[in-house]
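One structure below.
The values are calculated or read from the model by the stated rules, or taken from the named source; none is laboratory data. Only a predicted model underlies this, so the values are computations on that prediction, with no experimental measurement involved. So basically every Cβ, Gly included, is an ideal-geometry build from the backbone, and we count neighbours across all protein chains shown. For accessibility, only protein heavy atoms count, side chains too; no ligands or nucleic acids. Shrake-Rupley method; radii C 1.70, N 1.55, O 1.52, S 1.80 Å.
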Amino acid sequence: MSGQKVLLFDAGGVLVDWDGTQGLVDLTNGRLDRERARRFWMEFEPLKPFEKGHANGVEFAQAAVTELELDMDSKAFLAAFNSWMRGPFPGALELVERIGPAYRRAVLSNSNPIHWGRLIDEHGFEKPFETLFVSHEIGQRKPEPEAYHAVIDSMKQPAQEFIFFDDNPECVEAARIVGMQAHQVQGLKQLSAILKELDVLLP
C-alpha cells in the first residue's frame, strides 16, 4: 500500500445526513442559531466522553437537557438525537465506490454507538471503505491531533499522502496542521465536485 494516497472522509455532513444542527435550533426555539448549534456539537464537554467511548448516552443527554434548558427528559432528548442521523445521503456510498483503485478509502469520524450502530447495521456504511476510524472506538476525537495521528500510524502512510474531507472548519484546519491535505465540504454535491476536480473518480 506504500505510496498510495488516502482519501479520508468525515461521515456526518459529508457522506451522512446528520441534522443535529438544525435539530438544536428547533429544540431551543431559535435561542441557538445554526452556528451556535454547530459549535455546541464541537465544544460541549459532556459530549466528548460519550464520543470517545468513555461514557453512556444518558449522562450526555442529561447534561444537554440542563445546559440547553430544554423542557424534556433525557430519554426524549436521546430519541430526538437518534432521529437526527438519517443515514447516508442518497448516492453517497455509490460515489465512494467510483473512486479509482489507485486510492485508499477510509473514514475518520466523531460518532457514538447510537448513530454508528445504525449506520453499519441499517445502511452497510462500511462497505466501500478499507478501514474506519470512529471516535468512540479509537478513543480520540477530532479536532484533537491525536485522532489524525491514530489514522496516520495505523495506515502507515505519511501525513502528506492523505486528502481529508470534513464539514467543520476546525477539523479541516487541524488536519492541515498535522500535514494532511484537507477540504471543507458540506454535503454530497460539494464533495462530488471536489472529487471530480481531483480526478479520482472512475467514469
In whole angstrom, the spacing between the Cα centers of region 78-100 and region 1-66 equals 15
From largest accessible area down, sort 161, 173, 137; use a 1.4 Å probe on the protein chains. 137, 173, 161
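Just the number: Rg to Rh for region 71-203, Cα atoms, Kirkwood Rh, two decimals. Let's see the in-between values first.
On the way: Rg = 15.6 Å, Rh = 16.0 Å.
My calculation of the ratio gives 0.98.
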Provide Rg and Dmax in Å for region 144-203, with only Cα atoms included in the calculation. 12.1, 36
So what's the back-of-envelope 222 nm ellipticity for the chain, counting only DSSP H runs of four-plus at -39500 (n - 2.57) apiece and dividing by all residues, rounded to 500? -13000 deg cm²/dmol
Not counting ligands, DNA or RNA, and with a 1.4 Å probe, what is residue 105's accessible surface area in Å² rounded to the nearest 10? 60
Convex hull over the Cα atoms of region 1-141, averaged projected area in nm²? 8.9
Using r as the Cβ-Cβ distance of residue 121 and residue 22, and R0 as 35 Å, what FRET efficiency do you calculate, to the nearest 0.05? 0.90
Translational diffusion coefficient (Stokes-Einstein; Kirkwood radius from C-alpha pairs) of region 70-136 at 37 °C, 0.692 mPa s, in µm²/s: 242
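Of 127/189; 156/189; 127/196; 5/156; 48/75, which sit over 23 Å apart, Cα to Cα?
Values: 127/189 21 Å; 156/189 30 Å; 127/196 21 Å; 5/156 11 Å; 48/75 19 Å.
In this structure, 156/189 exceed 23 Å between Cα atoms.
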Would you mind checking the tilt of helix 57-68 against the longest principal axis of the Cα atoms of the chain, expressed as 0 to 90 degrees and rounded to 10? 60
Against the longest alpha carbon principal axis of the chain, how many degrees, from 0 to 90 and to the nearest 10, is the axis of helix 145-155 turned? 40
When the chain is treated as a GNM, springs tying every alpha-carbon pair under 10 Å, which of 11, 102, 37 comes out with the largest mean-square fluctuation? 102
Solvent exposure ordering (accessible area, 1.4 Å, most first) of 28, 66, 131: 66, 131, 28
Order of exposure, largest accessible area first, which applies to 44, 60 with probe 1.4 Å: 44, 60
